[in-house]
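Everything on this sheet refers to the single structure shown next.
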Amino acid sequence: MILEGKVVAITGAGRGIGRELALHCARQGAAVVVNDPGVAQAGEGGDAGPAETTVNDIVAAGGKAYANLGNVADPAGATSIIEDAVQRFGRIDAVVNNAGILRDTIWHKMSYEDWKSVIDVNLTGVFNVSKAATPYFRDQQSGSFIHFTSTSGLIGNVGQANYSAAKLGVVALSQSIALDMARAGVRSNCIAPFAWSRMTSSIPAETEDQKRRVERLQSMSADKIAPLVAYLASDLSKDVSNQIFSVRRNEILLFGKPRPVRSMAKSEGWTPEAIAEELIPAFRPSFARADEVSADVFPYDPI
């Protein structure tokens, strides 16, 4: 019961990964605000059912939970998540920014609306909810932000320019929060999950490579991610901040941040010709693969 007495708000917690996080945190003793407006994968519609079902399951098992239907892309909706936590349970100790939508399409066909809607939920939503919790974290001189990123942002993926940009933006936001809030005893970390869910079910499975990739994902269940979230929400992680983790079934990985890999200097300065003839041939062995996706980085079966 490492979360006994803690209050955790989890966005997108009505289904998939978020639901498993909510159930696990409740089993670990936390009172959970289950946020989920019940929209479709692309963000349309709304349904109170998913959030209420998760809450009912937690309460039936003897836990504490409250359903919130706020839209994280709306500052008022995001604020209501934190206010519900404080009003219902007296405080807020951890925020799990898990909510997300997808509008996948190849880059040259992506509309402004496809771009904006995904950025609004997956990145601005993280800002909105985190911003709403920050005054409480500062006042109590403690708190944990747990943001869900993706290898689509860390590595790249085809047909997900909007989602990839948002998810890499989440990493940058988390880093800035960790640096700015360290003096208040507040930590901020990211998790890139591998799991089969509604969000990953849209991955194409046409070629043999694609089919193998989907099969690997289908073997990875969302509940495997929950223990790391519970740890990061607990006092056990009080000295862990500004990190990027990933969970791939029974394997937990730590991602590094971009750092220089090669350097060349020319005392007289560079010309375009010198760059082409000297610098690029020297740098080329260290180039990242131009067509690399997460399946290339993780070609092995889940452990």
Quiz item: What nm distance separates the two modelled labels at GLU292 and TRP270, each placed 7 Å from Cα along Cα→Cβ?
Solution: 2.0
Quiz item: Counting only protein chains, not ligands or nucleic acids, how are HIS24, HIS147 ordered by accessible area (probe 1.4 Å), most first?
Solution: HIS24, HIS147
Practice problem: List, in order, the whole-Hz ³J(HN,Hα) value for each residue of region 106-112 obtained from phi through the Karplus relation with A = 6.51, B = -1.76, C = 1.60 and θ = phi - 60°; use x for Gly and Pro. | Solution: 4, 3, 6, 9, 6, 8, 4
Self-check item: Euclidean distance between Cα centres, region 95-163 to region 237-258, Å
Solution: 18
Quiz item: For the chain, what is the accessible area per residue in Å² when the probe is 1.4 Å?
Solution: 48
Quiz item: Taking θ as phi - 60°, what are the ³J(HN,Hα) couplings along region 127-144 by the Karplus curve (6.51, -1.76, 1.60), each to the nearest whole Hz, with x for Gly and Pro?
Solution: 4, 4, 5, 5, 4, 5, 7, 4, x, 5, 4, 5, 4, 8, 6, 6, x, 9
Quiz item: Name the residues of region 272-297 whose amide N is less than 17 Å from a point 7 angstrom out from the Cα of VAL261 along the C-beta direction?
Solution: 279-297
Quiz item: How many percent of the accessible area of region 1-62 is carbon or sulfur, using a 1.4 Å probe?
Solution: 50
Exercise. Starting with the highest mean, order 4-13, 179-188 by the number of other Cβ atoms within 10 Å, averaged over the residues of each peptide.
Key: 4-13, 179-188
Exercise. Within the chain, what's the longest run with no chymotrypsin sites (Phe, Trp or Tyr not before Pro) in a DSSP loop and at most 10 other beta-carbon atoms within 10 Å? Give the range, please.
Key: 1-286
Quiz item: How far apart, in nm, are two points set 7 Å out from the Cα along the Cα-to-Cβ line at TYR300 and at SER111?
Solution: 4.4
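The values are calculated or read from the model by the stated rules, or taken from the named source; none is laboratory data. Predicted model, so just to flag it, every value in this text is computed and none were measured. Cβ atoms come from the backbone with ideal geometry, glycine included; neighbour counts cover every protein chain shown. Areas reflect the complete protein model, heavy atoms only, side chains present, ligands, DNA and RNA absent. Shrake-Rupley method; radii C 1.70, N 1.55, O 1.52, S 1.80 Å.
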